[in-house]
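Before any comments, here is the structure.
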Amino acid sequence: MSDLLRETKLSDSHDCPAFSKQPILQKIPNRVAEIGEGITIRRALPSALRRTIGAWCFFDHFGPVNLKSSDLKIAPHPHMGLQTFTWTLTGEILHRDSLGSEQIIRPGEVNLMSAGHGISHSEESLPDSVLHGVQLWIALPDAVRNNKPEFSHYSELPSLEQDGVQITVLAGEFLENLAPAKVYSPLIGLALHARRNAATRLPLNPAFEYGVLVLTGEIQVEQESLVPGTLLYLGCGREELSLQVASDSHIFIIGGEPFKEEILLWWNFVARSKAEMSEAADAWEKHERFGEVKGYGDGTERLNPPKLA
């Protein structure tokens with residue numbers, strides 16, 4: 001997904017408080033905006049309070065939106081230096097990219113696009129009653145951030161049930177369940193769904209920092225109440241997490257080893273300098289480097305970058 005907010009500013013991963021080595025409970029309000037016609041997003045990352053959690057550097061919660069009255073159409077746009085990670089609760093999205101990939105993402109599946117040195121793609125919602133999901137970006141480490149682009153789709157993901165909570169492992173490993181997604185940093189991504197009012201304790205890696213976001217419903221994390229619209233940052237140093245979850249709530253948990261490389265994030269790019277950003281934007285406008293997406297509209301529409309301050 002493209003960053004469609006026109007007031008996009010350069011985000012430096014080192015211009016906010018450093019990761020916490022100790023367990024904390026930091027509430028981070030999401031930034032609410034509208035993209036397209038009637039599509040509401042809640043942006044959890046990046047924030048002035050927290051730029052990254054592990055290698056996760058961007059976290060949008062979109063919808064729910066009724067597709068009978070609006071739709072999601074994001075024209076071709078470029079990415080570099082990151083992986084896009086898309087997962088939906090309801091609704092379907094059609095992905096096309098400059099590698100020639102054409103893939104429908106359905107509820108409970110993961111699309112993972114590794115931009116590397118450069119790729120472009122488009123995204124369109126398909127007719128359905130409601131579109132609701134998340135898209136995250138993962139910053140690529142310096143050693144692989146200029147690799148050739150790749151695209152993968154994962155329709156089967158490991159899951160388990162614990163104390164009435166269904167846990168799907170989307171990225172990384174949890175209780176010996178390894179997600180198939182190919183990532184380049186130690187990290188974790190979990191989707192939780194409470195089938196009833198439930199209380200459970202999740203084992204955590206004390207070397208990881210974590211964040212919790214409620215997509216629907218209400219939960220208590222270590223006695224801290226949480227509803228949609230707020231990201232709860234947990235810091236490092238925890239070996240387990242206590243959750244009380246209301247029936248039919250959906251929760252998204254991310255984590256990872258603190259990403260210690262300094263990154264700059266602007267528009268759809270993750271880089272290490274403003275010069276790299278400027279060069280990438282110039283290449284996109286000249287139809288260079290990022291390839292072309294075929295099959296979207298009449299083939300002429302594409303997104304242009306905002307001004308880089």
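Each value in this text was obtained by applying a stated rule to the coordinates, not by laboratory testing. Treat the numbers as computed from the prediction; the structure is a model and nothing was measured. Neighbour counts run over all protein chains shown; Cβ positions are idealised from the backbone, glycine included.
Summing +1 for each Lys or Arg and -1 for each Asp or Glu among the other residues whose beta-carbon sits under 12 angstrom from that of N205 gives -4.
For the chain, the C-alpha radius of gyration sits at 0.95 times the compact-globule guess of 2.2 N^0.38 Å, with N the residue count. Each Lys or Arg adds one and each Asp or Glu takes one away; over the other residues whose Cβ falls under 15 Å from the Cβ of A179, this sums to -3.
Taking the Cα centre of the stretch 238-305 as reference, the dipole from Cβ charges on Lys and Arg (+1) and Asp and Glu (-1) amounts to some 100 debye. Residue separation of L126 and N66 scaled by 0.36 nm, minus their Cα-Cα distance, works out to 20.4 nm of gained length.
About its Cα centre, the dipole of the chain is roughly 480 debye, where the only charges are +1 on Lys and Arg Cβ and -1 on Asp and Glu Cβ. If you plug the beta carbon distance of K307 and Q223 into 1/(1 + (r/R0)^6) with R0 = 45 Å, you get a FRET efficiency near 0.50. From the alpha carbon centroid of the stretch 123-157 to that of the stretch 28-87 is 12 Å. Each of M113, M80, A275 was scored by the projection of its Cα onto the charge dipole of the stretch 11-285, and the greatest displacement toward the positive side belongs to A275; charges sit on the C-beta of Lys, Arg, Asp and Glu. Between T88, T200, T168, the residue with the greatest mean-square fluctuation in the GNM of the chain (Cα pairs under 10 Å linked by springs) is T200. Rounded to the nearest 20 debye, the dipole magnitude of the stretch 1-129 is 600 debye, with +1 charges on Lys and Arg beta carbons, -1 on Asp and Glu beta carbons, and the Cα centre as origin. The aspartates and glutamates within cross-link reach of K260, meaning a Cα-to-Cα straight distance under 14 Å and a gap of 8 or more places when in the same chain, are D12, D15, D142, E209.
Other residues whose C-beta falls under 9 angstrom from the C-beta of I74 contribute a net charge of -1, scoring Lys and Arg +1 and Asp and Glu -1.
When the chain is treated as a Gaussian network with alpha carbon springs shorter than 10 Å, the biggest mean-square fluctuation among H121, H61, H287 belongs to H287. Where only DSSP H runs of four or more residues are counted, the chain gives -1000 deg cm²/dmol as its mean residue ellipticity at 222 nm, each run worth -39500 (n - 2.57).
Taking GluC sites (Glu not before Pro) across the stretch 155-192, the ones in a DSSP loop with at most 12 further Cβ atoms lying within 10 angstrom of their Cβ are E156, E176.
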